[in-house]
1. Can you list the residues, at least 5 places off or on another chain, whose amide H is less than 5 Å from the amide H of A:L49, using H built in the peptide plane?
2. Can you give the angle from 0 to 90° between the axis of helix A:268-283 and the longest principal axis of chain A, with both taken from C-alpha atoms, to the nearest 10?
3. What whole-number distance in Å separates the alpha-carbon centres of the range B:450-523 and the range B:44-110?
4. Semi-axes of the equivalent ellipsoid for the range A:179-321, please: Cα gyration tensor eigenvalues, times 5, square-rooted, ordered largest first, whole Å.
5. Can you figure out the FRET efficiency of B:N66 with B:L538, using R₀ = 45 Å and their beta-carbon distance, to the nearest 0.05?
6. Residues with amide H under 5 Å of B:I60's amide H, sequence separation 5 or more or different chain, H placed in the peptide plane at 1.01 Å from N; which?
7. Give the residue list of trypsin sites (Lys or Arg not before Pro) in the range B:1-67 that are DSSP loop and have at most 12 other beta-carbon atoms within 10 angstrom.
8. Which order results if B:T296, B:T342 are arranged by neighbouring Cβ count within 10 Å, fewest first?
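Here, each number is a calculation from the coordinates, and none is a lab measurement. Owing to the predicted nature of the structure, the values given are computational and were not obtained by experimental measurement. Counting neighbours? That spans all protein chains shown, and the Cβs are built from the backbone with ideal geometry, glycine included.
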Amino acid sequence: MNIVLIILKWLFHILVFPGFLFTLCAALLLAGIDRKLVARMQNRVGPPLLQPAYDLLKLFGKEIIIPRQANKKAFLSAPAVGLASLLVTSLLLPFSASFVAVSGVADVIVVLYLLTIPAVAIIVGAASSASPFAGVGLSREMVAVMAYELPLTIVLVTVCRKAGLMMDESGMTFSLATVMQYQAEHGAMITKLSMIPAALAMLFIIPCEVGAHPFDIAEAETEICEGTLAEYSGLPLAFYELAHYVKMFILTSLFCVLFLGGFTTGVVVVDLILRLIFCVVVTFLCITVPHAVCARFKVEQVFKFYWTWVLGLALVSLLLVWLGL
Amino acid sequence: MMQHFPILSIMVLFFGAFLNGIFGGKNAKARKIIVLASIFLSFLMVVAMTGPVMLEGQIISYWLGNWEPAMGFAFGIGLEVDAVGLFFGLIISTAVLVSGLYSFEYMSHDDALGYYYTLYLMLGGGVLGLVFSGCLFNIFVMVEIMTFSAVALTAFRNEKYGALEAAFKYLVVGSIGSTSVLVGTILLYNQTHTLNLAQIASILPSVSNGVTAVAFGFLFVGFATKAFLFPFQPLAADAHAVAPSSISVLISGVLTKTGVYGIIRLVYVLYQSMNLGPVKTLVVFIGTLSMFICVTMALAQHDFKRLLAFHSISQVGYVITAVGLSTALGVAGGLYHAMNHTLFKSLLFLTAGAVLHQTDTTNLDELGGLSKRMPKTTVLFLIGAASISGLPPFNGFASKWMIYQATFEAAAAQNNFGFALVGIIEMLTSVLTLASFIKVTQSVFFGQMPKKWENVKEVGNGMIIPMGILAALCVITGVAPSAVEKYLLAPATSAVYSVGKYINAMMGEGFAEGVSLSSETVAVDLGRSGYWNPLAWLALLGILLFGAFVAFVLLRKEAKTKESEAAEMFGSVDEKFEPFFSGERAEFSQVGGSDMFWGFKKVMRPYLDFMHDAHSGVVNDYVRWAVECLALVLLYCVLCGL
């Protein structure tokens, strides 16, 4: 009886909240809001709020074309693996200090690595399609990963150190729940002076990791015809689009966990709504505004930007935290 | 019976080499029987020792000719197998076994196989002898045996461009390393009047002076040469690129591990100096430099095996860095990564060998699209690539995760900002590793297939099965890290710290207490602040993937148009199944190895140019590096007064 209950609870977490269903809905909603906001900023009317969902429904019904030279298994399984690992990541992010769907399974480093799996899935899928556009796209995608991964690592280490100094006797914690706990007790990370550069760095990292507009070198449709996605159609393409939206939600959500963690009430529903509002704000700041304002960077500009400015911001924060500020 | 296993497991290999030299020259069948019998026997004996050594915590010691120590002095030659030695012994005999099994099909195109197997068995015996030896001079002897066998095997395909050159470089710089070990041994003998490791360990702390500090420097550089650590990495690259892949497995998976083993023995057991700040700094510094420089070098390669060679050293850099942290978790993580490195790097070298065997090239710019012709090799390669890049849930991730934890915990506990930077470099290196394997994936197995590879076939089972064994081990050690930790890492880590026990097993009960060392087994606490539960994670992923699979099946039924049906409808060729060229087919070609990561290369150009010039390929330069490095390390050791 007990085991059945536990399994049911797990399945509920995985399939409904905060896993599959909730994450998908939240991601689609976020994507819809993003598109609407971009349109308003560019003085357009913009699509309806549910347009991303309509697009996906249309793609579900479309024919799947597998290029003759492609490796079928890798071509079809890559999108599914990417989406699945993102959904798993969504289970590991805490909503408040007390509510984590699946605890004791993974820590910050694991989350960091889980977030690279979707990028690897896109790359392997693109490579297996044997298209030259995809070849260029995957090369650029990997450059983007190399660009943002270094500052992202430093931001995560900084947050872990900051929380660990107070919360863990070893001076370091890797648990996202502990990071939340710290913020519940000592106020949100963003209110600490030493953490502001790291938060800024994270705001720069999110659009690149998501592949949003000024940093979407891998998909650049005007230059390399959607690059990594050039050969995809129908359901696999829908999976990729979905993974794109989910990634947007998860990364903004991760930002909330790392920097905006203190504002919780303990009531799950209220926390949820708060989290969604924060996600929309973060999305607006780091995805919508650059999308509406900037033109796409060149490949080497992206790399240089992350390994100088963003890296510098993250390092400043790490140094300040290490000095005990 | 059990106490004879250490010497027998080594003797079987040497005896096999001897027999093979006599009977195996012409007769392929006799050769096969001799080789298989000796590697299997040796492997079984090493495995049989795991029971008492790993589980019960015994130390097996053996005196040749039963010349046991008298009056507190070790006269005879001793073998001593504790949990660290056996841990490396297990890694080594597994790699030797797999490499031997693979050789039969892989080397079938070559001639003079009698010499090949004789040298191969000598190499295996030398390496196993090194990790089981309880005597410093015999370590030198085994270093010589394995170095010369490896040099000869590097030059085995001497019809190939660069084979003799690589062997020559290896010979010259390898000799500097061997000599360095010998000089260190002589200096230690001068100070302690013994060659037995256990006895040296009992005497050294009390006679520490300038000479022992210099001896430390010599031995450290000597073992670093054997592990090809910075600045010895160019040798490995040249040697791997031309050696047969089955030998690359031994050079990368086994020879480098003897260097790691030597360094662990040196700093933890002989000098017991790991708590000293300067030693930590030295070891971590060398490890980090090797890790980072070699991974950037690997990114710039366009030969499959050269790329793997640089990654070998980069991964050994992880091991050395972790060991240098001087925490129990660091040692355990380092040992774990050493084991995993042997597994996944051997697997990758074997897949490279399979590609070489079928296409006769390892040039990344020429290959492409082999996944359609060699599907099994592709899957095995992807497992190896995911492991080395540290993607969960494969073994590379489990060990790297432990190393990260150890690094950041050491940084936090000692409030050492340098270690925090080392941790960040470790994680960066991991991403760069991923990038270079993406490059191999795209330019060898995926991407477009050049016309000339259309008739390439999959390799036979004689090569697939050894690769399959390694791939299975990669998955198992990645999914069950707690079992690996309990049965292998915890005993080995404890043995690293239980110096007194090591001395007593060799010199008789009560000897360690005589020099005020405790002979208790040191219990190690591998507690850490993070969580990683691969089984739970796999269950989550499995459920979601199953869901995705169902969705695919349900939705695909209606939407799918078979190419054959389309061909019937529209004639022979339907354009929509061709790759998308936006109408300009002629302009496009395969995106090969050298074309990848343009933005990265452009920004890093000054650094890469500098590295390119530094790796001049001239042996004189490499010797200069070796000597300069030796001088610097000696100076450092003396100035810090170890």
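1. none
2. On a 0 to 90 degree scale, this one is about 60.
3. If you average the Cα positions of each part, the centres end up 12 Å apart.
4. On the way: eigenvalues 178, 89, 23 Å².
After scaling each eigenvalue by five and taking roots: 30, 21, 11 Å.
5. Numbers: r = 52 Å, r/R0 = 1.16.
The pair B:N66/B:L538 has a calculated efficiency of 0.30.
6. Long-range HN contacts for B:I60: B:V81.
7. Values: sites: B:K26, B:K29, B:R31, B:K32; in loops: B:K26.
Listed in order of number, the matching sites are B:K26.
8. Details: B:T296 18, B:T342 27.
Result, fewest neighbours first: B:T296, B:T342.
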